[in-house]
Structures are given as structure tokens and as C-alpha cells.
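Have a look at the structure below before the remarks.
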Amino acid sequence: MKSNQKKQTKNKSHIPLRLNILFAGVFVCFALLILRLGYLQIVSGEEFEAEVARTETTLATGNVPRGEIYDAEHRKMVGNTAVQTITYTRGQGVSSEDMAKIALGLAAVIDMPSKVRVENESEYDITPRDLQDYWLVLNEEKINKRLSEKELDLSGSDFYQTQISKVTDEDIAQMSDVETEAAAIFKKMNGAYALTTINIKNENVTDQEIALVSEHLSSLPGVDTGTDWIRNYPQEGMLKSILGEVSTEEQGVPESQLSTYLARGYARNDRVGNSQLEQQYESVLSGSKSKSETQTNTNGDIIETIEQYAGEKGDNLVLTTDMDFQETIEQIAVESLGEREGDNDRIYIAASDPQTGEILALVGKKYNSETGKIEDDALGNITQSYSMGSAVKGATVLAGYMDGALTFDDNVIVDAPLKTGQTQSISSVFNRNGSVALNDIGALEQSSNVYMAKVVLRMGGQYQLNSKGTFPINVNQVMTKLRYYFAQFGLGVETGIDLPGEATGYVGPNPNAGLAMFFGFGQYDTYTPIQLLQYASTIANGGTRIALRLVDEIWSTGEDGGLGTIETQLEPEILNTVNVDPKAMERVHQGFYQVVHGANGSARSRFVGAEYEAAGKTGTAQAFYNGKSVTNKTFVGYAPYDNPEITVAVIVPNLPNNNTNYENTIAARKVMDAYFKVGEYKEATPDEDATDSSEGAE
């Protein structure tokens with residue numbers, strides 16, 4: 001009995017001991033936890049507060065004004081207009097929802113264009129889809145409640161498109177005007193890349209808007225005010241198609257060259273030259289971007305921007321073209337179009353310095369039958385090609401000399417109509433039925449088609465003609481040689497002009513012997529006006545093919561914002577030297593001289609009385625346009641004859657076959673008169689001005 005009582009007593013005393021141990025352990029744990037919390041609060045508190053408030057400093061870039069373009073006399077043709085702007089720099093990791101809220105805050109203080117596109121309207125600011133995107137960002141939770149379980153399991157673009165489909169017309173109709181403007185702002189913000197600055201509004205920004213935005217900058221992370229630039233054209237439409245354009249921020253850099261631009265430090269939405277001179281000289285005009293240190297908080301919001309480098313405006317281009325001379329030639333072209341006939345609705349006139357390749361004038365004018373207005377088509381000089389006719393005969397003669405088909409002892413050929421079973425018969429305008437022996441100079445003066453055709457046959461080894469009208473020559477071999485020789489003058493190849501997208505003309509397919517002969521007098525392959533100009537220049541300077549160019553110099557920007565100092569003087573670029581005996585070249589010069597001065601010269605009547613000695617070659621080509629047989633009239637020439645300063649090419653295409661239009665030579669004469677300031681373009685002397693004034697007073 002006693003032993004049982006002892007046992008029970010022992011058991012009772014054992015349970016409280018375990019509880020005591022448990023309580024002691026809990027106490028120790030709590031003590032350690034309190035100590036740890038105290039350590040974190042007291043010892044490491046500042047460190048954690050700093051981590052919460054941690055900012056990250058990164059480098060952001062900004063755009064600078066683009067370089068400007070001036071004419072040869074330093075008169076501005078493309079400039080920049082400074083405008084007030086409201087900008088946004090997107091921080092790293094900023095969510096779409098955050099941007100949408102910033103957009104809404106900004107819309108409350110500025111007037112943002114927000115015209116919504118409707119069907120068949122071309123002018124608008126945002127689309128219905130832009131409104132859906134904006135509404136979805138701010139109401140995603142509400143939209144997700146409209147989705148089925150299956151739809152909620154979707155991902156990526158499929159999920160987003162499903163969400164968009166649930167945004168109803170009623171949802172959009174309930175948006176306020178401010179929210180619609182916010183959608184337009186959000187669209188622009190959403191197109192920005194991290195740490196790149198874009199313009200939210202840079203047109204018609206008022207002083208009041210600038211003031212209101214400045215007051216609310218603390219609540220609009222990434223938003224700022226500043227100054228932007230837009231291109232202006234003081235000379236209005238002059239050379240507009242040649243000067244080119246700059247992309248918008250929405251267009252950004254061209255997708256086809258994205259990797260190249262990114263490697264050069266561009267952002268995707270940077271404005272770049274996207275055509276003609278603006279594109280060709282992008283690296284010169286673009287300038288150096290500004291650089292700023294941006295501090296972002298843990299949410300990615302930009303909280304401070306410190307400019308480190310203000311950037312540098314792009315360098316400026318000085319053209320080879322004098323604005324006054326260009327304007328005069330444009331007026332000549334307009335006057336010539338007043339004499340248009342049939343389907344002729346355009347004229348091209350190009351002029352250059354044959355010694356340097358500098359473009360003196362580049363004119364294209366086109367009549368728009370719908371509007372009744374004459375439009376600029378200067379770009380057509382490098383993009384449009386035509387059969388040039390006899391104007392290219394100088395190249396055929398020289399090809400004959402280079403190939404050995406003509407020699408100084410054997411250059412007389414009988415001009416008599418040629419019958420061929422492969423093409424229509426070949427004859428010369430001055431000799432439809434007879435038989436006339438001509439040398440190379442006389443053939444150029446009288447524009448003998450037969451002479452050129454027989455030169456082509458000689459290049460194929462055929463000196464004697466048969467009565468069957470067949471010509472057993474290796475056509476492909478002859479055509480390859482002809483095109484090789486023509487290319488030495490710039491015909492059928494790029495001229496090296498400093499513009500992108502130069503066309504090289506049309507290469508006729510499947511030639512036969514008859515078509516090869518037609519090639520010899522310019523009625524098979526087609527060439528551009530600028531190629532015709534280079535061909536004439538190469539002959540004018542004695543056989544050196546020089547790249548044509550529109551830019552003469554590159555200048556820095558001065559303190560006053562205008563031209564500073566010259567940085568680069570572009571030098572003539574020699575593409576090749578024609579491999580021909582100088583005596584042969586001189587004979588072509590004489591032939592061209594006879595065209596203008598000889599008794600039988602086709603341009604003689606137009607240059608009678610000129611105060612300078614010119615040389616040149618006319619051309620007439622049969623072609624097809626709009627399913628009709630038409631005539632192209634052309635002219636190439638240069639002056640002065642003994643030391644050429646100017647080369648001219650004129651193309652008047654698509655005339656009726658029976659026409660009375662001679663604007664090819666009439667316009668050419670006017671261009672040369674204008675260049676030398678003679679005839680109706682003679683400048684009045686101070687004495688003459690005084691006399692005119694006194695006569696007017698009387």
C-alpha cells in the first residue's frame with residue numbers, strides 16, 4: 001500500500017517538471033525574438049529605411065536640333081522652328097497602369113488633341129482601339145470578372161485580345177473628355193522605350209499649359225517641359241522632293257535598318273531622315289544627343305534628372321545649287337509645260353558643272369490634270385527613265401572607236417535605208433530614200449540613225465550587208481559590249497549622286513540584231529535624266545566620269561545658330577576615265593559643235609545669236625505610254641565649247657508623234673542664257689537701273 005502511494009507521488013511530481021522545461025523554452029524563444037527585433041529596429045533600422053528609399057541612377061539621352069540645309073549662297077532652305085514642348089521620359093519598369101494614371105493627371109492640365117478616327121476619315125489622333133487599350137489598363141480587374149474560366153487560362157497576346165474583346169461600346173461611351181485625352185497621351189507614352197524622352201505635345205503648346213505642368217511635376221513622374229524643333233522650309237516647295245523628310249516619333253527609325261540604328265546609339269522612336277538628302281546625310285545632320293543622369297525609385301519612377309551633357313546640334317549642309325538659278329530654271333520648266341501636247345505632262349531639266357560633278361539645278365515639273373496645278377517632280381530626275389533617242393549617239397560613236405569598229409582611217413559610212421526582217425526599217429530623218437556618205441562628225445551633225453546602226457553591226461563583225469535583211473552577228477556579245485561602253489559614260493548605271501534610291505533605267509530583254517541596231521540610236525534601253533546629264537558631262541570634260549552631287553560643304557553651327565565654320569569641303573569623286581583615244585573624243589566634240597553651229601545642225605536655229613559657244617546633241621525617240629505610241633524629245637549640251645562650265649540635259653516625254661513641240665532645245669537655250677546671264681536673263685548694271693528709274697519718273 002505504501003509502495004503504491006510512493007509510486008503515485010513520484011508520477012505527480014514528474015509532469016510539472018516537463019511543463020516547466022516547456023515554459024522555459026518558450027520564454028527563451030520570445031526573448032531571442034525580442035532581441036532580434038530590437039537589433040533590427042535599433043541597429044539596422046537606418047539600413048533598411050535606406051533600402052526602402054533606395055534610388056537607382058542611370059543614363060538617359062535626349063534629342064537635339066537637327067542640322068540645317070543651305071543653298072550655295074548660304075541661304076536657308078531647310079531650317080528648324082523652336083517650339084515649346086511637354087515631354088515624357090519613361091522610367092525602367094514603369095507599369096502600364098502607372099503610365100495610364102500619369103496620363104490622366106496630365107490630361108487634367110493640358111489640352112491634348114484627341115480626335116477619334118471614324119470610318120473613311122484620314123485625319124485623326126487616336127483610334128477606337130486606343131480607347132479600349134486605355135480603358136482596359138485602368139479596369140483590368142473588372143474585365144477579368146467578365147472572362148470565363150477557360151478564357152482566364154489563356155496567356156500572352158491571346159489573353160490580351162480576349163480582354164480587349166470584353167471592352168464594350170458602353171464602356172467607351174462613358175469615358176469623359178479628359179479620359180479620352182488621357183488615352184491619347186497614354187498612346188504616346190506607351191510608345192516610349194525605357195529612359196528615352198518623347199514629345200507628348202509639341203504643337204500649339206500654350207504658356208499656361210507650360211505653367212500648369214511645371215506646377216504639377218511632382219505628381220507627374222517622368223513628365224517635363226522643354227523646347228523642341230520642327231522642320232521648316234523658307235523657300236516653300238523648292239527642291240522639296242530632293243531635300244527629303246524626317247520621320248515622326250511614332251514612325252521612329254525604319255524597321256528594315258533597326259539593328260544598324262540601334263548599334264549607332266539611336267532609340268527606336270528617334271526621328272531620322274527617311275528620304276533623300278535628309279536620309280543620305282543622316283549622320284551629319286543628326287547631331288549628338290544630350291545625356292542626363294536620371295534617378296528612379298524602386299517603382300521605376302523618375303524622381304530627378306541631372307543634365308550631364310547638353311548635346312550638340314547637327315552639322316549643316318551647303319548645297320551646290322544657287323537658289324536663284326534653281327528658281328529661274330523652275331520657271332523655264334513651267335513655261336515649257338505651257339506648250340505641252342497630247343500625253344506630255346512633265347519636263348525634266350538638269351544642269352551640272354562637268355569639271356566637278358556639282359549639280360547646278362535639278363528641276364522636274366509635272367502637270368496634275370485633276371487639280372490643274374503644276375507640281376514639283378525634281379526627284380523624277382533620278383527615278384524616272386525614258387528612251388532618250390539620238391542624244392546618246394555620242395556614246396555610240398565612241399563605243400565604235402573603243403571597239404575598233406571605227407578608226408581614223410575608216411570612219412565613213414553610207415547612210416541609206418536599212419531593211420530588216422526583225423524590226424521596222426531603219427532610216428534617218430534627213431534621208432528617207434537616198435544614199436549619203438558620212439563621217440562620224442557629219443553623222444552626229446545630221447543625226448544619222450543608219451550610221452549608228454552600222455557601227456553596231458561593225459562591232460559584231462559585219463561590214464557588208466546582205467539583201468535578205470538578216471545580220472548574222474553574236475547579238476548577246478555585241479549588246480554586252482555596247483552596255484559596257486555606255487556604262488563608262490554613266491548610261492545604265494548609278495551616277496554616284498548623293499541621294500538614295502537612284503534608278504538605273506530599263507534593260508531591254510531578248511534582243512536581236514535589229515534591236516541591237518536600235519540600241520545604237522537610243523531606242524532600246526532607257527535612261528534617267530541624271531544619267532543623261534552625267535553622259536554629257538563626261539563628254540564635255542574629255543572623258544572623266546565624275547560622281548554627281550548636291551552637297552558641296554559641311555559646316556558647323558555658329559553661336560548665333562547659323563553657319564559657323566566649314567568642317568568638310570567635298571571633293572570631286574572620279575568614278576572612271578573613259579578608255580578612248582583623245583582624238584576620238586575630240587571628233588565627238590566637233591560633231592556636237594556642228595549640231596549647234598553647222599548648216600545641217602538640228603539645234604542650230606535655237607542657238608542662233610547666243611553670246612557663248614555651245615555644243616550639244618538633240619534626240620527623238622519613239623516610245624509607248626498608256627498604250628499609245630508617243631515621242632520623247634531630248635537634248636544634251638555644254639558651254640562654253642572650249643572650256644565647259646555647264647552641262648544641260650532636257651527631257652520632254654510622251655509627246656504625240658506628230659508634234660510641233662521643240663521645248664527640248666528652247667528650254668536648253670534658256671537655261672544656258674540664264675547661267676551666263678545674257679539675253680532676257682541679262683542683269684541690269686547700276687547705270688541701267690538708274691536710267692530705268694529716271695525714265696519711269698518721267
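The values are calculated or read from the model by the stated rules, or taken from the named source; none is laboratory data. The shown structure was predicted, so the numbers you read here are calculated from the model rather than taken from an experiment. Cβ sites come from the backbone with ideal geometry, for glycine too, and all protein chains shown count toward neighbours. We work out accessible area using only protein heavy atoms, side chains counted, and drop any ligands, DNA or RNA first. Shrake-Rupley method; radii C 1.70, N 1.55, O 1.52, S 1.80 Å.
Assorted remarks:
- Protection proxy ranking of 574-580, 177-183, by the mean of other Cβ atoms within 10 Å over each peptide's residues and highest first, is 177-183, 574-580.
- Total charge dipole magnitude, the chain, about the Cα centre, Cβ charges on Lys, Arg, Asp, Glu only, Debye to nearest 20: 4280
- Value at 222 nm in deg cm²/dmol, rounded to 500, when DSSP H runs of n ≥ 4 in the chain each add -39,500 (n - 2.57): -11000 deg cm²/dmol
- Radius 10 Å from Cβ of Q531, net charge of other residues (Lys, Arg +1; Asp, Glu -1): -2
- Global form of the stretch 68-109, assessed from the alpha-carbon gyration tensor, a/c cut-off 1.5: prolate
- Each Lys and Arg adds +1 at its Cβ and each Asp and Glu adds -1 at its Cβ; summed about the Cα centre, the stretch 554-662 shows a dipole of about 1080 debye.
- Our coupling estimate for the stretch 634-642, obtained by passing each phi through the Karplus curve with A = 6.51, B = -1.76, C = 1.60 and θ = phi - 60°, is 9, 7, 10, x, 8, 7, x, 4, 7 Hz, Gly and Pro reported as x.
- Stokes-Einstein diffusion for the stretch 568-658 at 10 °C, viscosity 1.306 mPa s, with a Kirkwood radius from C-alpha pairs, works out to 103 µm²/s.
- Solvent exposure ordering (accessible area, 1.4 Å, most first) of L32, L563: L32, L563
- Farthest towards the positive end of the charge dipole of the chain, among the residues N20, T407, V588, is the Cα of N20, using unit charges on the Cβ of Lys, Arg, Asp and Glu.
- In this Cβ point-charge picture (+1 for Lys and Arg, -1 for Asp and Glu), the stretch 367-496 has a dipole of about 620 debye about its Cα centre.
- Calculated from backbone phi, Karplus (6.51, -1.76, 1.60) coupling profile of the stretch 356-363 in Hz, x at Gly/Pro: 10, x, 6, 6, 8, 7, 9, 10
- Charge-dipole axis of the chain as Lys and Arg at +1 and Asp and Glu at -1 on Cβ define it, positive-most pick from L533, V178, T504: T504
- Protection-proxy order for peptides 587-594, 236-243, each taking the mean of Cβ atoms within 10 Å per residue, highest first: 587-594, 236-243
- Counting all C-alpha pairs of the chain, share separated by more than 42 Å (%): 50
- A straight line joining the Cα centroids of the stretch 157-210 and the stretch 470-520 runs 56 Å.
- Residues of the chain: accessible area per residue with a 1.4 Å probe, Å²: 49
- Between 0 and 90 degrees, the angle of helix 393-403 with respect to the longest Cα principal axis of the chain falls at about 90 degrees.
- In Å², nearest 10: area of K115 left accessible to a 1.4 Å probe: 100
- Taking amide hydrogens as placed 1.01 Å from N in the peptide plane, the amide H of I546 sits under 5 Å from those of L575, each at least 5 positions away in sequence or on another chain.
- Crossing angle, helix 663-676 versus the chain [Cα axis fit, 0-90 degrees, rounded to tens]: 80
- Near D552, the amide H atoms lying under 5 Å from its own belong to V318, L319, T320; only residues 5 or more places off or on other chains count, and H is placed 1.01 Å from N.
- Along the stretch 215-226 the Karplus relation, 6.51 cos²θ - 1.76 cosθ + 1.60 evaluated at θ = phi - 60°, assigns HN-Hα couplings of 5, 10, 4, 5, 9, 10, x, x, 8, 8, 10, x Hz to successive residues, with x for each Gly and Pro.
- Counted charge near I359, where neighbours are those whose Cβ lies closer than 11 Å (Asp, Glu -1; Lys, Arg +1): -4
- For T196, the residues whose modelled amide H falls within less than 5 Å of its own, excluding neighbours fewer than 5 places apart on the same chain, are R90.
- Sequence ranges 481-492, 521-532, ranked by mean other-Cβ count within 10 angstrom, highest first: 521-532, 481-492
- For the stretch 189-234, the square roots of the Cα gyration tensor eigenvalues, ordered a ≥ b ≥ c, give a/c of at least 1.5 with a/b no greater than b/c, which places it in the oblate category.
- With DNA, RNA and ligands ignored, accessible area of W555 (1.4 Å probe; Å², nearest 10): 40
- Counting Lys and Arg as +1 and Asp and Glu as -1 over every other residue whose Cβ lies under 9 Å from the Cβ of D111, the net charge comes to -1.
- Dipole axis of the chain (+1 Lys, Arg; -1 Asp, Glu on Cβ), positive-most option in L548, I473, I332: I473
- Cα-based shape type of the stretch 632-687, given that a ≥ b ≥ c are square roots of the gyration tensor eigenvalues and the cut on a/c is 1.5: oblate
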